[in-house]
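Trainee: Take this structure first; my questions come after.
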Amino acid sequence: MILQDPLNGKHISIRTAREGDAEFILKLRLNPELNRFLNKTDSSIKKQKEWIRQKQLADDDYHMIIEDQRSGKRVGTVAIYNINYRKKVFEWGRWVISKKAPLVTALESAKLIYDFAFKKIGLKKAVFGVQEKNETVIDFHKGYGAKAVRREGSAIWFEFLKRDLPKFMLVYKKILHR
């Protein structure tokens, strides 16, 4: 799906991925420092462009680019997908952030994802898997209140509920105002 308007935070913006982002996305996803915990990606720019087009047409998937507001440079990717509108549940992931991104990018992009999914789309629950060896990301999610609910292979699955957003916002404001 295509976002009607970018999601704007204090330091970053999130917009729909476009075909022109294919090379940038591959550069992130094929970077050995960043892809240790990601699913394998084909290195074909043509296939990446096809993937982007498919996601723009899907009614349950927002494939997005994170940009630094100050420089306008692309600094990451994120997605909301497998949206179940009836059950009001979504997954989020495909989250890859450049080493050159502002320090607050992870926290602010999570905030923008939750604001959009819970407040704009009207969903009530986020689910997402994190590889058990990806301790930094596990600690990040636990730090704002996401709950580990099951293990599946080498992944730990988390849930975060709309009603827990106020706790997330306390953590967000505390960190942002350091």
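Trainee: Which is the longest stretch in the chain that no exposed loop site breaks, taking sites as GluC sites (Glu not before Pro) with a DSSP loop state and at most 16 other Cβ atoms within 10 Å?
Mentor: On the way: sites that count: Glu33, Glu132.
Free of exposed loop sites, the longest segment is 34-131.
Trainee: Around Tyr62, which amide H atoms from residues at least 5 apart in sequence, or from another chain, sit under 5 Å from its own amide H, with H modelled in the peptide plane?
Mentor: The answer is Ile80, Tyr81.
Trainee: Once you put a point 7 Å from the Cα of Lys88 and another 7 Å from the Cα of Thr136, both along the Cβ direction, what distance in nm separates them?
Mentor: With each label placed 7 Å out from Cα toward Cβ, I get 3.5 nm.
Trainee: Something else now. Please report the relative contact order for the chain, taking Cα pairs under 8 Å with a sequence separation of at least 6, and give it as a percent rounded to a whole number. Please report the intermediate quantities before stating the final value.
Mentor: Working: 292 pairs, mean separation 32.0, N = 178.
Contact order relative to length: 18 percent.
Trainee: What is the extension gain from Ser44 to Ile2, computed as 0.36 nm multiplied by their sequence separation minus the C-alpha to C-alpha distance, in nm to one decimal? Don't jump to the answer; show the numbers that get you there.
Mentor: Numbers: separation 42, 0.36 × 42 = 15.12 nm, distance 2.28 nm.
Here the answer is 12.8 nm.
Trainee: Quick one: plug the Kirkwood hydrodynamic radius of the stretch 32-101 (C-alpha pairs) into Stokes-Einstein at 4 °C, 1.567 mPa s, and report D in µm²/s.
Mentor: Values: Rh = 13.7 Å.
Translational diffusion coefficient: 95 µm²/s.
Trainee: If you don't mind, another one. So I have (1) 15.5, 43; (2) 15.5, 52; (3) 17.7, 57, and one of them is Rg and Dmax of the Cα atoms in Å calculated from this model. Which one is it?
Mentor: Of the labelled values, this structure produces (1).
Trainee: Rounded to the nearest percent, how much of the accessible area of the chain (1.4 Å probe, protein heavy atoms only) is carbon and sulfur?
Mentor: Percent of accessible area from carbon and sulfur atoms in the chain: 49.
Trainee: Label-point separation (nm) for Lys27 and Ile175, each offset 7 Å from Cα along Cα-to-Cβ?
Mentor: Rounded to a tenth, the inter-label distance reads 2.5 nm.
Trainee: Determine the shape class of the stretch 74-153: with a ≥ b ≥ c the square roots of the Cα gyration tensor eigenvalues, call it rounded for a/c under 1.5, and otherwise prolate if a/b is greater than b/c, oblate otherwise.
Mentor: Details: a/c = 1.81, a/b = 1.19, b/c = 1.52.
Since a/c reaches 1.5 but b/c is at least a/b, the shape of the stretch 74-153 is classed as oblate.
Trainee: Could you please state, rounded to a whole Å, how far the C-alpha centre of the stretch 1-15 is from the C-alpha centre of the stretch 119-178?
Mentor: Taking the Cα centre of each part, the stretch 1-15 and the stretch 119-178 sit 20 Å apart.
Trainee: Okay, moving on. How many Å² of accessible area per residue for the stretch 1-148, probe 1.4 Å?
Mentor: 55 Å²
Trainee: If you don't mind, another one. What does the charge count around Asp5 come to, taking other residues whose C-beta lies under 14 Å from its C-beta (Lys +1, Arg +1, Asp -1, Glu -1)? Intermediate results must be reported in sequence, preceding the final value.
Mentor: Working: positive: Arg15, Lys119, Lys120; negative: Glu67, Asp115.
So the surrounding residues net to +1.
Trainee: Within the stretch 25-130, report the trypsin sites (Lys or Arg not before Pro) that DSSP leaves as loop and that have at most 16 other Cβ atoms within 10 Å. Could the numbers behind the result be given before it?
Mentor: On the way: sites: Lys27, Arg29, Arg36, Lys40, Lys46, Lys47, Lys49, Arg53, Lys55, Arg70, Lys73, Arg74, Arg86, Lys87, Lys88, Arg94, Lys99, Lys100, Lys111, Lys119, Lys120, Lys124, Lys125; in loops: Arg36, Lys40, Arg70, Lys73, Arg86, Lys87, Lys88, Lys99, Lys100, Lys124.
Counting only loop positions with at most 16 other Cβ atoms within 10 Å, the trypsin sites (Lys or Arg not before Pro) in the stretch 25-130 are Arg36, Lys40, Arg70, Lys73, Arg86, Lys87, Lys88, Lys99, Lys100, Lys124.
The values are calculated or read from the model by the stated rules, or taken from the named source; none is laboratory data. Because the structure is a prediction, the values reported are computed rather than measured. Cβ: placed from backbone, ideal geometry, glycine included. Neighbour counts: every protein chain shown. Just the protein is used for accessible areas: all its heavy atoms, side chains included, with ligands, DNA and RNA removed. Shrake-Rupley method; radii C 1.70, N 1.55, O 1.52, S 1.80 Å.
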